[in-house]
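S.K.: Dropping a structure here in structure tokens format, bear with me for questions.
Readers should treat all values here as calculations from the given coordinates under stated rules, not as data from a laboratory. Just so it is clear, the model here is predicted, and its values are computed rather than measured. Please note: Cβ atoms are built from the backbone with ideal geometry, for glycine as well, and neighbour counts cover all protein chains shown.
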């Protein structure tokens, strides 16, 4: 199994262009499953064969995960990892069928994504002190995430050459190394110009190595995910708002576009979603918001 797994992970890297994070998750999920099957079948892990694991045995694994009160989304991810692994083995001729195809995926409970209201966004974006290089960076950072609906990993990967401020676009490398071009709003473009002119040059002076990273930390190095989370937490605290992840800015971007009449397929394209069903969750958000406004404002709702 170990040899097949190595080949599978190489396939995900070279042919499927999966992100490092996804590959690490798949590897961990498959290792954990192998430990369970080894114990269940009373075989050493290195002695396991792909043919040892059929749909009945795999259902026992899912039942075990459920007993551990694991989230349905996590269980679904583990099943997805194993299905992909077995599809690869089928393609390579190691298996004659993929038994895991008939294993039902746990139904996920659809959660309405958390988002900021438009007045909260304005309040948050006014927090950074634009008289300092770091403040200019923070302003440009938050404006860019909200204006373009970026994932945190996409922000980290941004380089200066990804920007085209003259035309108002940004080139983003999304999941699966898929590139998309997203418009930059006027406010974000202005914040980026100020940062590039007055903020970034001061930060780059502190760097020992040359870098083309767009957003830099106080050492002049590429700003990482942990740094972005700290910046957002600090700004939320100053704004008197509850703690949230950078992904909430992405949720807010999508929600506000739909609330103001944007087409769902346009929002799908801007977010870089492969499936429209992923984007449709935001329609539930806007409906919920409209219902709240209706109930609060209509004189005949509450009697």
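S.K.: Just to confirm the number: angle between the C-alpha axis of helix 72-91 and the first principal axis of the chain, 0 to 90 degrees, nearest 10?
M.R.: Roughly 60 degrees between the two axes.
S.K.: For the chain, take the longest principal axis of its alpha carbons; what is the angle in degrees between that and the long axis of helix 133-148, to the nearest 10 within 0 to 90?
M.R.: Roughly 60 degrees, rounded to the nearest 10.
S.K.: Per the Debye formula with a single identical scatterer at each Cα and no solvent contribution, what log10 I(q)/I(0) holds for the stretch 118-295 at q = 0.18, 0.20 Å⁻¹?
M.R.: The calculated log intensity ratios at q = 0.18, 0.20 Å⁻¹ are -1.22, -1.46.
S.K.: May I ask for the distance between the Cα centers of the stretch 1-69 and the stretch 161-229, given as a whole number of Å?
M.R.: Here the two parts' Cα centres lie 38 Å apart.
S.K.: Give me 6, 194, 52 ranked fewest to most by other Cβ atoms within 10 Å of their Cβ, as a rough exposure proxy.
M.R.: 6, 52, 194
S.K.: Add -39500 (n - 2.57) for each DSSP H run of 4 or more in the chain, then divide by its residues: what number comes out at 222 nm, to the nearest 500 deg cm²/dmol?
M.R.: Theoretical 222 nm ellipticity from helices: -17000 deg cm²/dmol.
S.K.: So, one more: From the P(r) of the chain, could you give the percentage of C-alpha pairs in the tail past 33 Å?
M.R.: Result for the distance tail: 40 percent.
S.K.: I would also like to ask the following. Run the numbers on the stretch 118-295 and let me know its relative contact order in percent, using alpha-carbon pairs under 8 Å that are six or more apart.
M.R.: 23
S.K.: In the stretch 1-138, if every C-alpha pair distance is counted and binned at 5 Å from zero, what percent goes to each bin?
M.R.: The calculated distribution, bin by bin, is 2, 8, 15, 17, 15, 10, 6, 5, 6, 6, 5, 3, 1, 0.
S.K.: May I ask for the angle, rounded to the nearest 10°, between helix 247-259 and the longest principal axis of the chain, with both axes built from Cα atoms and the value confined to 0 to 90°?
M.R.: Tilt relative to the chain: about 70 degrees.
S.K.: Counting other beta carbons within 10 Å of each Cβ, put 190, 29, 263 in order, fewest first.
M.R.: So the ranking, lowest neighbour count to highest, is 263, 190, 29.
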